[in-house]
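Notes follow once the structure below has been shown.
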Amino acid sequence: MPDIFSQGFMLRAFLAAGIIALVSPCIGTTLVLKRLSAIGDATSHSALAGIAFGLMIGINPILGAILFSIFAVLGIETLRRAFKGYGEIATVVVMSAGIGLAAVLSRFTSSASSLDSFMFGSVIAISDFDLWLTAALGVAVAAVSLILRKELFFVTFDEEAAKLAGVPTHTVNLVIMALTAVTVSVASRIVGALMISSLLVIPVAAAMMLAKSYKQTILISILLAEAFTIGGLFVSYYADLSPGGTIVLIGVIFLSVTALATRKRRM
Amino acid sequence: MDEILRVENLNFEYPDAPVLRDVSFTLNKGDFLGIIGANGAGKSTLIKLILNLLPCPKGAITLFGEDISSFKDAHKIGYVSQKSNAFAKNFPATVEEVVAANLYSQKKLFSRYTRADRERVRDVLSRVGMDGYLDKPIGKLSGGQQQRVFIARALVAEPELLLMDEPTSGVDAANAAAITDIITDLNSRGMTIVMTNHDTPALFKISSVLLIFCEHGNGEFVKKTDLTLDEVNDIFAGRRKHHHA
């Protein structure tokens, strides 16, 4: 078995995974606490349609994913207003549209294996361009999350009070949606479009059981996401497993153990 | 007298029912308005209209001499909602984070949470009797303690007008009495208060002016000194109509 770090593609995978693990909890915390976790799923299925579209017309699939994800989150936000009080309808409609479109467009892609690699994640396929794109968009998502941390907390905890204090809540909600779209798209390369919503939710869910404050929740969920992705890459490399699936399963096992270990404290 | 709030000929209706009909009153600095009325009479709706959380279709609302449509001084108004503590109990936030959030109206985009801000948060928590709770998770507090924290959150921005919608609803008797004391103290220091409460005698005791909704919307605005509690109850029950001097 060759040394893991002697492989150029694994170095790229570790770098990309490290960036994704940094930004996923930044936006995942907001989605989980605003009870919008399912939006990650709906967006990732739309991202898959964008990937198929990118493969079909010959552009970088991540760019296609970003384009379709942004349409998806705008669609969710519009439909949420139309179905006020029943916001989950919007999520299901957009997710269905994403799956349907991905299924139709997949027939026109030249390589079914390429689409598969985006569905379940791949470390071999990460190009230098993918890595730079991931780095640039990751820095953008992290920077916006940091700059808007006061607004994100306030809108997440009590949107009405935030509005009264002068927070532009509609704009902040659109920013949350845009950050979700970008995060899901860049993460689909390595974690897989079908599994990225797990990386948005599981580290945050585990951190909520351990943290005593909002700030701690974000910091712990970043540390956990880093541990899950880096651990998952090691295990998947040496055990010859799918990296995305391994990352998610490590997270689920940790979450289950944490839930058992902290059940008395949380009662 | 500094005029704080003026409501003129306010009308509002939901698609299925009229709620407010031709409501008018003026509050000056230091007034304490108690709003009395049955469920659905329009008490919460009136507060939401004053806060511009609902569009004002007919009539006019003026805050600090400015029409609410152009009013921008968010920090001048504090609000404690009936459902402030309706958040998920396992929401991971400390008392400090919840109170400090409302400093937003005085902060710029890139501004940081400073030591002076922390002192301000400590100070308002002390004023509502919640010293020592700074680092406690908000979800672990009792309903009454949470309500005190939400009063502190409203106070941290140093408002001049405080609107409170049933602040003692669902709160145990000891905390309800403590909250009433806090509100009375704020009013005695010159803060203008608007408050709804189902407990008419309690509200009658602490307010200086009353708005009484006997049925849908027709609010009678009266000075407390003009009436006894029995007369207020009669207006509320529709047995009597008050005639302004």
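Considering only residues in region A:194-229 that are aliphatic (A, V, I, L, M) and in a loop (DSSP other than H, G, I, E, B), the one that is nearest to the other protein chains (Cβ to nearest Cβ) turns out to be A:Ala211.
In this structure, B:Ile61 does not qualify as within 11 Å of another protein chain (Cβ to nearest Cβ), more than 20 Å from A:Thr156 (Cβ to Cβ), crowded, with 18+ Cβ neighbours inside 10 Å and β-branched (Val, Ile, Thr).
Take the residues of region B:126-148 that are in a helix (DSSP H, G or I) and more than 14 Å from every other protein chain (Cβ to nearest Cβ): which is surrounded by the most Cβ atoms within 10 Å (Cβ to Cβ)?
We begin by selecting, within region B:126-148, every residue in a helix (DSSP H, G or I); these are B:126-127, B:138-140, B:143-148.
Then drop every residue that is not more than 14 Å from every other protein chain (Cβ to nearest Cβ), which leaves B:126-127, B:143-145, B:148.
Details: B:Ser126: 12, B:Arg127: 17, B:Gly143: 13, B:Gly144: 20, B:Gln145: 21, B:Arg148: 26.
The qualifying residue surrounded by the most Cβ atoms within 10 Å (Cβ to Cβ) is B:Arg148.
What number of residues within region A:155-192 satisfy the criterion of being open to solvent by 40 Å² or more (accessible area, probe 1.4 Å) and not in a helix (DSSP H, G or I)? Number satisfying all stated conditions: 2. The residues on offer are A:Gly100, A:Gly54, A:Gly64, and the sole one that is open to solvent by 20 Å² or more (accessible area, probe 1.4 Å) and either part of a helix (DSSP H, G or I) or polar (S, T, N, Q) (or both) is A:Gly100. Kindly check whether there is at least one residue in region B:185-199 that is buried (at least 21 other Cβ atoms within 10 Å of the Cβ), touching a residue at least 24 places away in the same chain (Cβ under 8 Å) and of a type in the set (Asp, Glu). The answer is no; no qualifying residue exists. Set side by side, the residues A:Ser188, A:Ser145, A:Ser213, A:Ser197 differ, and just one is of a type outside the set (A, V, I, L, M), at pLDDT 90 or above and within 20 Å of the chain's Cα centre (by Cα), which is A:Ser145. Residues in region B:149-164 include none that are farther than 25 Å from B:Asp117 by Cα, in contact with a Phe, Trp or Tyr (Cβ under 9 Å, 6 or more places away or on another chain) and crowded, with 23+ Cβ neighbours inside 10 Å. Within region B:79-99, being surrounded by 19 or more Cβ atoms within 10 Å (Cβ to Cβ) and either facing chain A (nearest Cβ under 8 Å) or at pLDDT 95 or above (or both) holds for B:Tyr79, B:Ser81, B:Ser84, B:Pro92, B:Ala93, B:Thr94, B:Val95, B:Glu96, B:Glu97, B:Val98, B:Val99.
The values are calculated or read from the model by the stated rules, or taken from the named source; none is laboratory data. Just so it is clear, the structure is predicted and the values come from calculations on it, not from any experiment. Quick reminder, even Gly has a Cβ in these numbers, built from the backbone with ideal geometry, and neighbours come from all protein chains shown. The area values use the complete protein model at the heavy-atom level, side chains included, leaving out ligands, DNA and RNA. Shrake-Rupley method; radii C 1.70, N 1.55, O 1.52, S 1.80 Å.
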